[in-house]
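Engineer: Take a look at the following structure, please.
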Protein chains: 2
Amino acid sequence: MTYDLWYWSPIQGRGEFVRLFLEALGQTYRDRTREDGDDALMADMDRHRQVYAPPYLVAGDTVVSQVATILLFLADRHGRGGAGDARYAVQQIQLTIADVVAEAHDVHHPVGVGDYYEDQKAEAARAAAQFRTDRIPAYLDHFEGAISPSGWLVGEGWTYADLSLFQLVEGLRYAFPTRMAAIADDHPNVGRLVARVRDLPEIAAYLQSARRIPFNEDGIFRHYPELDGA
Amino acid sequence: MTYDLWYWSPIQGRGEFVRLFLEALGQTYRDRTREDGDDALMADMDRHRQVYAPPYLVAGDTVVSQVATILLFLADRHGRGGAGDARYAVQQIQLTIADVVAEAHDVHHPVGVGDYYEDQKAEAARAAAQFRTDRIPAYLDHFEGAISPSGWLVGEGWTYADLSLFQLVEGLRYAFPTRMAAIADDHPNVGRLVARVRDLPEIAAYLQSARRIPFNEDGIFRHYPELDGA
């Protein structure tokens, strides 16, 4: 089975959580928009009436959108999503990560998702202050306590939620380097988990490949220095 | 099995999506915070290190949080979540509904989730304008096209996603009555689905019971007249 992943071509964005899992699983996939362009994405998406937005994954006749649902689908086929009721534990953590991702995006688009950042800089500055001061620590404190004695979130090995927590922390470090450096020592379990994910052989190879798009200011995690601070 | 639902006591909020499914399934549950108070919720939640926020459901030794994951858990046990790969279709729609719910909340809290609405009214007015004009139609157009020939979202009978779409539309009608009335005719499939959910015997009985908390301005869907408009 070759999977077709469809997502906006020039960014990591939400597609990256899917890419990381496919790479870590060693699954073959085509990153279709990077091959065929965003016009092809728009044309293809029109055919899937229950898909609201990219990313989505096409596997034969099955089409799945929403990051957490794609990860659930892949884990049900290939593992690494927990066993038995632990499946729900992994998925609930994934949705909490998704909540942080949405908040991180809203920091630079607090009042108009359809407007440019440049048109809402004053509001973004206010949103960023609370996100940096209150929200990042609240979430990282939570993940710090949620990590199991194994060093992974759920069970004795990595799951897709660990990969997603890695991506979240890397994104926050890119967008808010000063703030993240200031509180790095507060979350040693999180720091160790992120390092372990980075060192997984499949992930290490992926991160050094051309398939890994660099963070940039069109994505979810954007480094606007005026929004960072200790 | 009696389920224990834990959620903030005086609001529908995100807990309502779980209540609606438990009620429609005819499952016995205890709405624990309404029995024992918010202090009991805070004390209980401290025991569950992987739960970031209410609502969460306790079923014997299993604890599940995040609305969509709770609904998935219940559907895996009791049905009404789609069969085979349709399970992913139902779940992805649920997550799109969750995205709208989050946006509806952020309209009255655009720059500071920890601050009061009264401290961000100017920003909220700007956020509300785009939410009313662009976002509500975009999402309702999507759901209108996503509904199957059966009149339900997925398959031939109702699933938890249909219940959640009902709650979403009812919430938007409460919060933005002028706007929702202005565009009501644009989404006939959605209107019929909402009416069918309201008429399900278990839902009709629930809505008339004291268990259904009225919408109010402490919840997600808040009616601030200054944020509504045609």
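Engineer: Rounded if a/c is under 1.5, else prolate if a/b beats b/c, else oblate: with a ≥ b ≥ c from the C-alpha gyration tensor eigenvalues square-rooted, which is segment A:31-118?
Structural biologist: Oblate is the answer for segment A:31-118, as a/c is 1.5 or above yet b/c matches or exceeds a/b.
Engineer: How long, wide and thick is the protein assembly as shown, going by the Cα atoms along their three principal axes, in whole angstroms, largest first?
Structural biologist: Principal extents (Cα only, largest first): 58, 50, 46 Å.
Engineer: Based on the alpha-carbon gyration tensor of segment B:112-219 and its eigenvalue square roots a ≥ b ≥ c, which shape applies: rounded if a/c is under 1.5, prolate if not and a/b is larger than b/c, or oblate?
Structural biologist: oblate
Engineer: Where Lys and Arg each count +1 and Asp and Glu each count -1, what net charge lies around residue A:158 among other residues with Cβ under 12 Å from its Cβ?
Structural biologist: Value of the local net charge: -1.
Engineer: Also: Largest first and to the nearest Å, give the Cα extent of chain B along each principal axis.
Structural biologist: Rounded to whole Å, the extents work out to 48, 45, 32 Å.
Engineer: A follow-up question, please. Arrange the peptides B:5-14, B:86-95, B:191-200 so that the one whose residues have, on average, the most other Cβ atoms within 10 Å appears first.
Structural biologist: On the way: B:5-14: 20.9, B:86-95: 24.4, B:191-200: 15.5.
By packing density, highest mean first, the sequence is B:86-95, B:5-14, B:191-200.
Engineer: Return the whole-Å distance between the Cα centroid of segment B:2-63 and the Cα centroid of segment B:98-176.
Structural biologist: 23 Å
Engineer: Mind ranking A:201-210, B:218-227 by how tightly packed they are, going by the mean number of other C-beta atoms within 10 angstrom, highest first?
Structural biologist: Going from most to least packed, we get B:218-227, A:201-210.
Engineer: Any idea what the residue B:118 label distances to the other copies are, label 7 Å down the Cα→Cβ vector, nm, shortest first?
Structural biologist: 3.8
Engineer: Antiparallel DSSP bridges in segment A:3-78: what percent, to the nearest 5?
Structural biologist: Numbers: 7 of 10 bridges.
About 70 percent, rounded to the nearest 5.
Engineer: With n ≥ 4 as the cut-off for DSSP H runs, can you work out [θ] at 222 nm for the protein assembly as shown, using -39500 (n - 2.57) per run divided by the number of residues, rounded to the nearest 500?
Structural biologist: -16000 deg cm²/dmol
Engineer: Residues of segment A:1-29 with backbone nitrogen within less than 16 Å of a virtual label 7 Å along the Cα-to-Cβ line of residue A:47, please, listed as ranges.
Structural biologist: Hits in segment A:1-29 for residue A:47 at 16 Å: A:2-7.
Engineer: Per-residue Cβ counts within 10 Å, from other chains only, averaged over A:100-109: what number is that? Show your work: numbers first, answer last.
Structural biologist: Values: counts 1, 0, 5, 3, 0, 0, 7, 1, 0, 2.
Average neighbour count from other chains, rounded to a whole number: 2.
Engineer: Based on the Cα gyration tensor of segment B:3-78, what are the three equivalent ellipsoid semi-axes, each the root of five times an eigenvalue, rounded to whole Å and given largest first?
Structural biologist: Calculated on Cα positions only, the semi-axes equal 18, 14, 11 Å.
Engineer: To the nearest 20 debye, what charge dipole does segment B:86-200 have about its Cα centre, counting +1 at the Cβ of each Lys and Arg and -1 at the Cβ of each Asp and Glu? Show your work: numbers first, answer last.
Structural biologist: Working: 10 positive and 16 negative charges, 47 e Å.
In total the dipole reaches around 220 debye.
Engineer: I've got another one for you. Suppose we look only past 18 Å in the calculated P(r) of segment A:154-203. What percent of the Cα-Cα pairs does that tail hold? Before the final figure, lay out each step's value.
Structural biologist: On the way: 355 of 1225 pairs.
For segment A:154-203, the share of Cα pairs beyond 18 Å comes to 29 percent.
Engineer: Within a 10 angstrom radius of each residue's Cβ in A:85-97, how many Cβ atoms of other chains show up on average? Whole number is fine. Don't skip to the answer; put the middle values down first.
Structural biologist: Working: counts 8, 1, 4, 12, 7, 2, 7, 14, 6, 2, 8, 7, 1.
Other-chain Cβ atoms within 10 Å of each residue's Cβ, averaged: 6.
Engineer: Moving on. Counting only other residues whose beta carbon sits under 14 Å from that of residue A:181, what net charge do I get with K and R as +1, D and E as -1? Could the numbers behind the result be given before it?
Structural biologist: On the way: positive: A:132, A:173, A:179; negative: A:170, A:185, A:186, A:228.
Local charge sum for residue A:181: -1.
Engineer: Using mean Cβ contacts within 10 Å as the protection proxy, how do A:62-74, B:18-30 order, highest first? Please list the in-between numbers first.
Structural biologist: Details: A:62-74: 24.2, B:18-30: 19.2.
Taking the mean over residues of other Cβ atoms within 10 Å, the ranking is A:62-74, B:18-30.
Engineer: Nearest 5 percent is fine: what portion of the DSSP beta bridges confined to chain B is antiparallel? Present the calculation step by step, with values, prior to reporting the outcome.
Structural biologist: Working: 7 of 10 bridges.
Around 70 percent antiparallel, to the nearest 5.
Engineer: Using a 10 Å cut-off around each Cβ of peptide A:143-156, what is the average number of partner chain Cβ atoms that fall inside?
Structural biologist: 1
Engineer: When Lys and Arg each count +1 and Asp and Glu each count -1, what net charge do the other residues less than 15 Å away from residue A:129, Cβ to Cβ, add up to?
Structural biologist: -4
Only the coordinates and a few stated rules stand behind these numbers; no lab work does. What you see is a predicted model; the values in this text were computed from it and never measured. Every residue, glycine as well, gets a Cβ built from its backbone with ideal geometry; the counts of neighbours run over all protein chains shown.
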